[in-house]
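Q: Below is the structure I would like to discuss, written out as structure tokens.
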Amino acid sequence: MTFTVTDFIILAIVGFLAGRVIYHLFKHRNSSYCERCAYAKKCSIK
Amino acid sequence: MRVALIGNQNSGKTTLFNLLTGHNQKIGNWPGVTIERKEGRIRSTDFEIIDLPGVYSLSPYTIEEEITRKYLFEENVDLILNIMDSTNLERSLYLTTQLLELDIPVVVALNMSDIAFQRGIRIDYKYLEDKLDTTMIPISALKKTGMMDLIQVIKNRDYRKNKYTHIYDLHIEDCLKQLESHLDHSHKRYISIKLLEQDEAFYSYHQNGSKKIVETLCVTYQRDMEQVIADERYRYIEQLRDEAIKSSIEKMTMTDKLDRIFLNKYLAIPIFMAIMFTVYYLAAGPFGSMTVDFVDKYVSIFSSWLSTSLTSLGASAWSRSLVIDGILAGVGAILTFLPQLAILFLLISFLETTGYMSRIAFFLDKVFQKVGLSGKSLIPFIIGSGCSVPAIMSARTIHDETEKKMTIMLTPFVPCSAKLPIITLFAGYFFGDYSGFVSASLYFFAVVIIILSAFIMKQVLFKGKTSSFILELPNYKYPNFKYIFKDVGEKVLAFIKQAGSIILLASIIVWFLLSFSFSFKYGIDPADSMLAQFGNIFSWILYPFLGELSWEATVSAMQGLVAKEQVVASLAIIAGYSEEVSDGVFIFNSAAFSFFTPASAYAFMVFNLFSAPCFGAIGAMRRELGTTKRMWKAVFFQTGIAWVLATLVYQFLHIFEVIG
């Protein structure tokens with residue numbers, strides 16, 4: 001495997017995106033299931 | 001001063017609350033449940049108002065009724081604002097007569113008085129006011145009429161203080177008087193009635209001699225006293241109705257006319273099937289597939305351009321592969337289904353806004369009652385066509401524990417939005433012109449399996465009575481396009497977010513596991529990758545319904561636990577690594593998935609439809625079922641059913657393939 005400058009930039013961007021997703025998952029680990037569900041932010045029942 | 005707003009469901013309570021409070025609202029949840037709790041201040045006053053859940057009575061048969069009763073009984077409420085539906089006074093009066101038994105003044109807002117008038121219903125308000133000894137104000141929350149009168153009456157406290165009595169027969173009234181003399185609490189009449197009804201929650205109010213009074217009366221009637229009280233209440237309400245309501249021959253409304261067709265004994269189910277077939281045919285059939293091809297073409301063009309650009313910028317083969325074969329293949333595969341999902345969201349939202357969805361719950365209620373589920377289970381099932389998480393959460397409003405558990409376990413069987421890419425991918429490729437029919441068949445298959453599973457569970461695991469269900473059928477309405485587009489927009493955005501977060505992360509992980517061996521060597525044969533090694537351990541499980549030992553399909557199906565869309569993303573990433581063996585559509589033209597036949601494709605869809613849902617929904621099941629053990633039982637039950645059904649379907653359909 002070789003590493004070029006472009007590879008490092010790609011790795012940095014992908015790492016940032018993946019890190020952001022993991023950070024959000026970690027941040028909302030104590031939120032309700034509704035809040036964590038992409039399709040059901042407002043799932044209160046009335 | 002604290003005002004409690006109370007009324008039947010769909011009586012216009014929330015509209016009235018919004019009108020009375022404007023933007024001055026605080027929204028939260030009732031303790032321990034996700035039922036919304038709204039508080040606010042009435043305009044131009046400093047009066048607090050609370051919007052209590054919609055109920056039909058103060059008997060605690062549902063969580064909403066329990067919350068309402070507890071609040072009225074334990075909090076210091078100064079005034080009850082009871083909203084009644086003028087077009088259905090008889091039913092609304094059941095709750096009103098119960099409220100009048102509390103020691104709290106009641107003001108009645110007669111909503112939809114304009115619609116009642118249009119329908120030829122003439123209400124003698126004065127007569128009702130005198131009989132019930134309460135203040136009544138005709139309003140129309142929708143047209144905002146009567147609001148000032150209502151606010152003025154509340155503000156000036158210019159209302160009757162209810163001294164209404166005597167609605168039961170002489171025996172009961174005598175008995176109530178005796179019981180009241182034994183009590184030293186507020187709400188004496190209400191408590192006395194509860195003691196007569198032998199409501200367990202009120203046993204602690206029994207004083208010396210009061211039990212004897214109740215027992216004597218029970219002997220006189222020789223019937224369930226709760227039923228006796230309910231009969232007496234209805235008798236009184238019917239008497240009120242006959243005197244206070246003069247109805248010219250009621251004109252048939254558009255809703256009545258449409259319900260004659262949509263709720264017809266013989267036509268309801270065929271119409272429902274035709275509508276759902278049309279929905280799935282439009283979303284997943286030839287038209288939907290065309291949209292997929294269209295987006296797929298542009299994703300491919302973008303992919304080629306990006307690959308060339310990265311090469312010219314000096315990217316190595318592995319980093320280019322990460323972006324193109326990993327991220328873009330996974331996320332792109334999901335995004336190609338976006339137009340199809342948008343069509344499905346649009347059609348479901350259209351049905352919701354017209355009022356048809358409530359009818360489904362109404363006519364399927366009878367079928368569900370027979371298999372041990374109440375119509376209330378249908379609400380989670382309908383919500384489940386969007387997402388299993390809110391659907392499972394909504395099951396907590398089911399009072400009966402066994403029905404609740406059954407509903408929670410069966411809700412993930414409903415095809416949610418995330419499962420649609422799997423269905424349309426396989427149906428579109430293997431069933432061509434019949435793809436819409438096949439997609440719709442899976443929906444009906446799910447309904448049949450839910451009914452059968454409920455029946456078996458009720459016979460074996462959860463024996464007992466099924467509770468009754470009251471459902472308010474809203475009027476049919478012209479579709480509100482503003483609401484539809486907002487709703488579809490929100491769901492589409494949620495899908496894009498899901499693709500850009502969980503699917504993106506999972507695609508990177510799949511790419512990594514597929515590109516490297518356990519010794520972290522890059523550029524290996526995919527069959528030697530970590531993902532393949534892992535898949536090989538479990539591939540025998542899927543063999544009975546795939547007809548092939550495929551680690552590729554096995555790991556893809558397992559990724560459904562992360563998110564159901566990820567199954568398609570994984571198939572696309574693995575196919576990208578695999579050799580092209582035919583001219584067919586991408587994924588199925590690869591050596592990894594060319595073994596799929598219509599029989600195994602249908603079986604694979606069935607397995608993904610019924611197997612354990614995503615982690616989010618499993619978490620919701622854990623919470624609602626109460627223990628981890630029950631959650632595991634549910635997961636094994638669902639996956640077991642999925643495996644059995646997929647195997648049966650494959651073995652059956654495979655016979656035709658062999659003969660053919």
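The values are calculated or read from the model by the stated rules, or taken from the named source; none is laboratory data. The structure presented is a predicted model; accordingly, all values stated were derived computationally and were not measured. All Cβ positions, glycine included, derive from the backbone under ideal geometry; neighbour counts span all protein chains shown. Accessible surface is based on the protein model in full, side chains and every heavy atom, while ligands, DNA and RNA are left aside. Shrake-Rupley method; radii C 1.70, N 1.55, O 1.52, S 1.80 Å.
Q: Roughly to the nearest percent, how much of the accessible area of the range B:170-247 is carbon and sulfur, given a 1.4 Å probe?
A: Ligands and nucleic acids excluded, carbon and sulfur give 46 percent.
Q: Something else now. What is the local net charge at B:Phe596, summed over the other residues whose Cβ is closer than 14 Å to its Cβ (Lys, Arg +1; Asp, Glu -1)?
A: Values: positive: none; negative: B:Glu548, B:Glu552, B:Glu657.
Cβ neighbours under 14 Å give a net charge of -3.
Q: Moving on to the next point. Need one number: buried accessible surface between chains A and B, 1.4 Å probe, both sides summed, DNA, RNA and ligands left out, in Å² to 100.
A: Result for this pair: about 2800 Å² buried.
Q: What chymotrypsin sites (Phe, Trp or Tyr not before Pro) in the range B:261-296 are in a loop by DSSP, with at most 16 other Cβ atoms within 10 Å of the Cβ?
A: B:Tyr266
Q: Of B:Lys297/B:Lys633; B:Lys405/B:Lys564; B:Lys70/B:Lys419, which ones are farther than 32 Å apart at the Cα?
A: On the way: B:Lys297/B:Lys633 44 Å; B:Lys405/B:Lys564 23 Å; B:Lys70/B:Lys419 41 Å.
From the list (B:Lys297/B:Lys633; B:Lys405/B:Lys564; B:Lys70/B:Lys419), the Cα-Cα distance tops 32 Å for B:Lys297/B:Lys633; B:Lys70/B:Lys419.
Q: Rounded, prolate or oblate, given the Cα gyration tensor of the range B:548-635, with a/c below 1.5 counting as rounded?
A: Here the range B:548-635 falls in the prolate category.
Q: Mind jotting down the three principal axis lengths of the protein assembly as shown based on Cα atoms? Whole angstrom, largest first.
A: 92, 55, 52 Å, listed from the longest principal axis down.
Q: With every protein chain left in place and a probe of 1.4 Å, what is the accessible surface of B:Ile641, to the nearest 10 Å²?
A: 40 Å²
Q: A further question on this structure: Can you give me the angle between helix B:628-659 and the longest principal axis of chain B, using Cα atoms only, in degrees from 0 to 90, rounded to the nearest 10?
A: Once rounded, the angle reads 50 degrees.
Q: Calculate how steeply helix B:356-370 sits against the longest principal axis of the alpha-carbon atoms of chain B, using the helix alpha-carbon long axis, and give the answer as 0 to 90 degrees to the nearest 10.
A: 90 degrees
Q: Step through the table entries B:Lys370/B:Lys486; B:Lys155/B:Lys486; A:Lys27/B:Lys491, compare each Cα-Cα distance with 26 Å, and write down the pairs that go over it.
A: Table pairs above 26 Å Cα-Cα are B:Lys370/B:Lys486; B:Lys155/B:Lys486.
Q: Would you calculate, for chain B, the mean residue ellipticity at 222 nm contributed by helices, counting each DSSP H stretch of 4 or more residues as -39,500 (n - 2.57) and dividing by all residues, to the nearest 500?
A: -19000 deg cm²/dmol
Q: What are the ³J(HN,Hα) values, in whole Hz, obtained from phi via the Karplus relation 6.51 cos²θ - 1.76 cosθ + 1.60 with θ = phi - 60°, for each residue of the range B:38-48 in sequence order, with x given for Gly and Pro?
A: Listing the rounded values in order: 10, 10, x, 10, 6, 3, 6, 9, 10, 7, 7 Hz.
Q: Scan the range B:168-267 for GluC sites (Glu not before Pro) in coil per DSSP, keeping those whose Cβ has at most 13 other Cβ atoms within 10 Å, and list them by number.
A: Counting only loop positions with at most 13 other Cβ atoms within 10 Å, the GluC sites (Glu not before Pro) in the range B:168-267 are B:Glu250.
Q: Let me ask another. Which listed residue (A:Tyr23, A:Phe3, B:Gly330) has the Cα farthest towards the positive end of the charge dipole for the protein assembly as shown, taking +1 on Lys and Arg C-beta and -1 on Asp and Glu C-beta about the Cα centre?
A: A:Tyr23
Q: Does the range B:523-563 come out rounded, prolate or oblate by the C-alpha gyration tensor, with a ≥ b ≥ c the root eigenvalues, rounded set by a/c under 1.5 and, if not, prolate when a/b is larger than b/c and oblate if not? Don't skip to the end; give the middle numbers.
A: Values: a/c = 2.37, a/b = 1.28, b/c = 1.86.
Oblate, because a/c is 1.5 or more while a/b does not exceed b/c.
Q: Next up: Quick one: what are the phi-derived ³J(HN,Hα) couplings along the range B:169-183, Karplus 6.51/-1.76/1.60 with θ = phi - 60°, whole Hz, x for glycine and proline?
A: With the stated coefficients, the range B:169-183 comes to 6, 4, 4, 5, 4, 4, 4, 4, 4, 5, 5, 4, 5, 8, 9 Hz.
Q: Please list, by residue number, every one of the trypsin sites (Lys or Arg not before Pro) in the range B:244-329 that is coil in DSSP and has at most 16 other beta-carbon atoms within 10 Å.
A: Hits after loop and neighbour filter: B:Lys251, B:Lys265.
Q: Could I ask something else about it? Between the range B:352-420 and the range B:261-333, what is the separation of their alpha carbon centroids in Å?
A: 28 Å
Q: If one computes P(r) from the Cα atoms of the range B:2-155, what percent of pairs lie at distances over 22 Å?
A: I get 35 percent for the Cα pairs in the range B:2-155 exceeding 22 Å.
Q: When only Cα pairs under 8 Å and 6 or more residues apart are kept, what is the percent relative contact order across the range B:170-247? Spell out each step's value before the answer.
A: Details: 39 pairs, mean separation 22.4, N = 78.
Relative contact order comes out at 29 percent.
Q: Let me ask something additional. Residues of the protein assembly as shown: accessible area per residue at 1.4 Å, in Å²?
A: 46 Å²
Q: Taking amide hydrogens as modeled 1.01 Å from N in the peptide plane, which residues meet the under 5 Å criterion relative to B:Phe516, leaving out close sequence neighbours?
A: B:Met530
Q: Same structure, new question: Can you tell me, using C-alpha contacts under 8 Å and at least 6 residues apart, the relative contact order of chain B as a whole percent?
A: 11 percent
Q: Same structure, new question: Over the range B:399-451, with every protein chain in place, what whole percent of the accessible area is carbon and sulfur at 1.4 Å, could you tell me?
A: Looking at the range B:399-451 in its full context, I get 65 percent from C and S.
Q: From Cα pairs below 8 angstrom and at least 6 apart in sequence, can you work out the relative contact order of the range B:92-224, rounded to a whole percent?
A: On the way: 123 pairs, mean separation 31.3, N = 133.
Answer for the range B:92-224 is 24 percent.
Q: If one takes the longest principal axis of the Cα atoms in chain B, at what angle in degrees, from 0 to 90 and to the nearest 10, does the Cα axis of helix B:481-498 lie?
A: For B:481-498 against chain B, the angle is about 50 degrees.
Q: Okay, next question. Could you tell me what a quarter of the Cα convex hull surface of the range B:313-472 works out to, in nm² with one decimal place?
A: 13.0 nm²
Q: I need the phi-derived Karplus couplings for the range B:13-19: 6.51 cos²θ - 1.76 cosθ + 1.60, θ = phi - 60°, integer Hz, Gly and Pro marked x.
A: Here the 3J(HN,Hα) series is 4, 5, 4, 5, 4, 5, 5 Hz.
Q: Over the C-alpha atoms of the range B:170-247, what are the Rg and the largest Cα-to-Cα span, Dmax, in Å?
A: Radius of gyration, then largest Cα-Cα span, for the range B:170-247: 14.0, 49 Å.
Q: How big is the Kirkwood radius of chain B, worked out from every pair of different alpha carbons and given in Å to one decimal?
A: Evaluated on chain B, it is 28.3 Å.
Q: Give me the distance between the Cα centres of the range B:431-456 and the range B:567-605, rounded to whole Å.
A: First find each Cα centre; the distance between them is then 23 Å.
Q: OK, next. Suppose the chain between B:Phe117 and B:Glu90 were pulled fully straight at 0.36 nm per residue; how much longer would it get relative to their current alpha carbon spacing?
A: Residue separation times 0.36 nm, minus the Cα-Cα distance, leaves 8.1 nm.
Q: Dipole magnitude of the protein assembly as shown about its Cα centre, charges +1 at Lys/Arg Cβ and -1 at Asp/Glu Cβ only, in debye to the nearest 20? Numbers along the way, then the final one.
A: Working: 68 positive and 65 negative charges, 168 e Å.
It works out to roughly 800 debye.
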